[in-house]
Structure formats: C-alpha cells, structure tokens
2 protein chains.
Amino acid sequence: MHEQFLQQSIALAKENVQSNAGGPFAAIICQNQQIIAACTNIVTTSNDPTAHAEITAIRKACATLNSFQLNDCILYSSCEPCPMCLGAIYWARLQQVYFACDRFDAAKVGFDDRFIYDEIALPPEQRQINMQHIKLATALSPFIAWQTQTDKIPY
Amino acid sequence: MHEQFLQQSIALAKENVQSNAGGPFAAIICQNQQIIAACTNIVTTSNDPTAHAEITAIRKACATLNSFQLNDCILYSSCEPCPMCLGAIYWARLQQVYFACDRFDAAKVGFDDRFIYDEIALPPEQRQINMQHIKLATALSPFIAWQTQTDKIPY
C-alpha cells in the first residue's frame, strides 16, 4: 500500500522532468487510503520558490478538505522533504510521512539541503543570509491585539 | 529606512488581527527601497497552513518580478521567520532579512517554533511525526531523468 503510493509519486516526479514542468520531485497526500492531492515541484514554471512538491500537495489537500490541518492524512514524497517542507508538514500536522530518496541522493544531483539545515540551526546573526533583529517600541502591538481579539480563529 | 519598513510591517500585522484575516504577522519585500510585496499571514482565512506572511510575500514578490529568485531584495518581517519561512528565504535567495519581534516574543503568545527547530535537527526516524524512508529500486529514476534532460531549467 505505502509502496504503491510512493511508486506513484516517483512516476509523477519522472514525468515532471520529462514534461519540463519543474524539478524531479512529486508528492501525494492520502486520507483513508484515497489520494486527495498528487502534485509536483513547479518552482521554475510557476516562478514560485516555495512550490516544492510537498508544499503544493499540502496546499491542494487543504483546499480539497477546506481545512488548514491535515491530521489524519499521510504524505508520500518521492524524496525526503527539505527544511522548508518539513516546517510545512509540522504546521499542517500531517500524521505520517513516507519518502523514497533521501537528502544524500538529492545532494548527488545538485539539490543539497545541507546548507539550509546548518543555517537554520544557527542564531540569526550568524547566518550567511544576514538577519537582524531591530527592537522597536511598537513591535509587540500585533501580539497584544491578538491576545485581546475575542473572535479570532486560533491555530 | 529599515525601521520604517519594519514599522509598516508591524502596522500591517496589527491590522491583520483586527480585520480577522489571520495571525498577528506581516512581511514586506523591497527592491531598491521600493515595496514590491506587503503581505500578511492568511493561514486560517485561506485554509493554507503555508500561508505565513513571509511565504505570501515571497510568492507575491516573485510573481511581480516574474522570477523565482529574489537576490537583490530585502525582507522585513514583523516577527522572526519560522523554520518553514527560513527555508523559503534560502530557496528565494533573499539578500537580507530584518525582523521586529523574535521567536521568544512569539512563543509567549502561543506561536512556539521551538518544537519545529528541534524536530528538523533530528534524523527523520526519531521525529514525533513519524517519517519513514522506504527504499525502492525505481527511487532514483526522476534524478536520472533530470541529469539526462538537456533543456531543463536548473535552480
């Protein structure tokens, strides 16, 4: 069962390359063993650096279910999710993830996530993309508004 | 200059809460000191767990520039980017990031990224969302197709 969905994601990823739609990656999301999203990496053709297969699949599955949570869903990815996609997987609260290639396979063909894993672990001021915390008197005002907003949708 | 754009992102974030459009976060992207994207967190109203302010701003800025790279752009965020948004910042290759609140301020109002930072640093099999690497004979076929595709758009 799990292997079958992974095989489908691998086939989709290969097709994605052959049709020149984007990078060699695809992801499938299932709920109750039914596919609710089958998506590929479309970074280059959609001019969207966030359009990794896992992100496009999460967005599609959420649109299908009309929900910003995927608690009872399983994600099948042709490759181990990068740190951005891992973050998205946690925010979407997926139940389980299966992947076929790992980060080391991906690095061999030029998709090396090592740098991003290393950077995320560093304090902001030590990263190679310069990140500065500027302290402002008003900085907390959105959070104060959030705490006092009575009809907010928590998440 | 930088403080002014941060102040605008803080004001936007506060407005976002008051209009019930999403979480207390906003981000602005500038190129040559001109705003090309000013976006907020719309997770709950768009049913998209990836729709953090930084991600929506990166997508908007890329659409505006018709590019999947933002090398000469600066991102101003009302709050320190979470690991998902950090990943997106690296993939978009932004030049610089400024932020007003930090992860500790965010944690105090219920937006705690610590768990995600910790999980990303763990090997997949040790994470709380179960992640399994299933090895399949066909797993590398998308990568082989990628390497032999002559007219691909590298990224």
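Could you list, in sequence order, all residues of segment A:110-142 that are part of a loop (DSSP other than H, G, I, E, B), touching a strand residue (DSSP E or B) at 6+ places or on another chain (Cβ under 8 Å) and within 13 Å of B:Ile89 (Cα to Cα)? Of everything in segment A:110-142, just one residue is part of a loop (DSSP other than H, G, I, E, B), touching a strand residue (DSSP E or B) at 6+ places or on another chain (Cβ under 8 Å) and within 13 Å of B:Ile89 (Cα to Cα), namely A:Ile129. As a summary of the residue check, A:Val97 satisfies the conditions (1) within 7 Å of another protein chain (Cβ to nearest Cβ); (2) touching a residue at least 40 places away in the same chain (Cβ under 8 Å) except for the one numbered (2). Of all residues being assigned to a strand (DSSP E or B) and hydrophobic (A, V, I, L, M, F, W, C) in segment A:95-104, which is nearest to the chain's Cα centre (by Cα)? Just the residue, please. This residue is A:Val97. Within the span defined as segment B:113-130, one or more residues are more than 7 Å from chain A (Cβ to nearest Cβ), touching a Cys at 6+ places or on another chain (Cβ under 6 Å) and crowded, with 16+ Cβ neighbours inside 10 Å.
Collect the residues in segment B:82-98 that are under 18 Å from B:Glu3 (Cβ atoms) and either crowded, with 24+ Cβ neighbours inside 10 Å or among the β-branched types (Val, Ile, Thr) (or both), keeping them in residue-number order. Matches in segment B:82-98: B:Val97 only.
Where residues in segment B:143-155 are part of a loop (DSSP other than H, G, I, E, B) and at the interface with another protein chain (Cβ under 7 Å from one of its Cβ atoms), which of them is modelled with the lowest pLDDT?
Result: B:Tyr155.
The values are calculated or read from the model by the stated rules, or taken from the named source; none is laboratory data. Since this is a predicted model, take the numbers as computed values, not measurements. Using ideal geometry, Cβ is built from the backbone for each residue, glycine included, and neighbour counts are taken over all protein chains shown.
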